[in-house]
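Student: A single structure is presented below for examination.
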Amino acid sequence: MARLIGINHVALEVGDVDEALDWYGGFFEFELRGRIGSSMAFIDMGDQFIALATGGGQSPDQARHFGLVVDDKEGVRAALREAGVDVAPTGSLDFLDPWGNHVQVVGYRDIQFTKAPLVLRAMGIEELPKTEAASEELRRKGVTD
């Protein structure tokens, strides 16, 4: 039986790829990995990516979502609030994008998810420290020294 290892990418349906790149670019710093005409674009996250594709206008997601890991969760919250996006003032940071995709933003330092040092260096990130709780979770799994 195959073992789950990770997620290579997440694909989101959007009404217009260029509008989606502009909208997400207002809250997140990213590099474009590539495009397929005007129908798809790929946002780079080191060894992973988000694929944006023109889609069919599905109903907004409620429970179905994905967690997007960032280095500054509260900075994202502030930018979303300033742009008028409905987010809680503290705690969990969830939002619906203009196309109904439910995104949860989580801070890298607070979770057991980790990037290999060589991937972080390639992304231009030298160090992202973890909280003690996240470090302990990683140690229990044998992921860190």
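The values are calculated or read from the model by the stated rules, or taken from the named source; none is laboratory data. Bear in mind that the values here come from a model prediction, so they are computed numbers and not experimental data. Please note: Cβ atoms are built from the backbone with ideal geometry, for glycine as well, and neighbour counts cover all protein chains shown. SASA here: full protein model, heavy atoms, side chains in, ligands and nucleic acids out. Shrake-Rupley method; radii C 1.70, N 1.55, O 1.52, S 1.80 Å.
Student: Could you grab me the full set of residues in the range 75-101 that are under 14 Å from the mean Cα position of the chain (by Cα) and acidic (Asp, Glu)?
Tutor: ASP94, ASP97
Student: Something else about it: With respect to PHE66, is the statement that it is under 16 Å from TRP99 (Cα atoms) and among the aromatic types (Phe, Trp, Tyr) true?
Tutor: The answer is yes for PHE66.
Student: I've got another one for you. How about the range 82-97: which of its residues are part of a strand (DSSP E or B), open to solvent by 40 Å² or more (accessible area, probe 1.4 Å) and not charged (D, E, K, R)?
Tutor: Answer for the range 82-97, where residues must be part of a strand (DSSP E or B), open to solvent by 40 Å² or more (accessible area, probe 1.4 Å) and not charged (D, E, K, R): just LEU96.
Student: Got a number for residues in the range 37-90 being in contact with a Gly (Cβ under 8 Å, 6 or more places away or on another chain) and more than 21 Å from LYS115 (Cα to Cα)?
Tutor: Residues flagged as in contact with a Gly (Cβ under 8 Å, 6 or more places away or on another chain) and more than 21 Å from LYS115 (Cα to Cα) within the range 37-90 amount to 10.
Student: If you scan the range 114-129, which residues turn out to be among the charged types (D, E, K, R) and either surrounded by 14 or more Cβ atoms within 10 Å (Cβ to Cβ) or within 16 Å of the chain's Cα centre (by Cα) (or both)?
Tutor: Hit for the range 114-129 is LYS115, nothing else.
Student: Same structure, new question: Among the residues of the range 17-53, what is the count of those that are surrounded by fewer than 18 Cβ atoms within 10 Å (Cβ to Cβ) and among the β-branched types (Val, Ile, Thr)?
Tutor: Qualifying residue count, the range 17-53: 1.
Student: For the condition at pLDDT below 90 and out of contact with any Leu (no Cβ under 6 Å at 6 or more places or on another chain), what is the one hit in ASP72, ASP110, ASP97, ASP145?
Tutor: That would be ASP145, the only listed residue that is at pLDDT below 90 and out of contact with any Leu (no Cβ under 6 Å at 6 or more places or on another chain).
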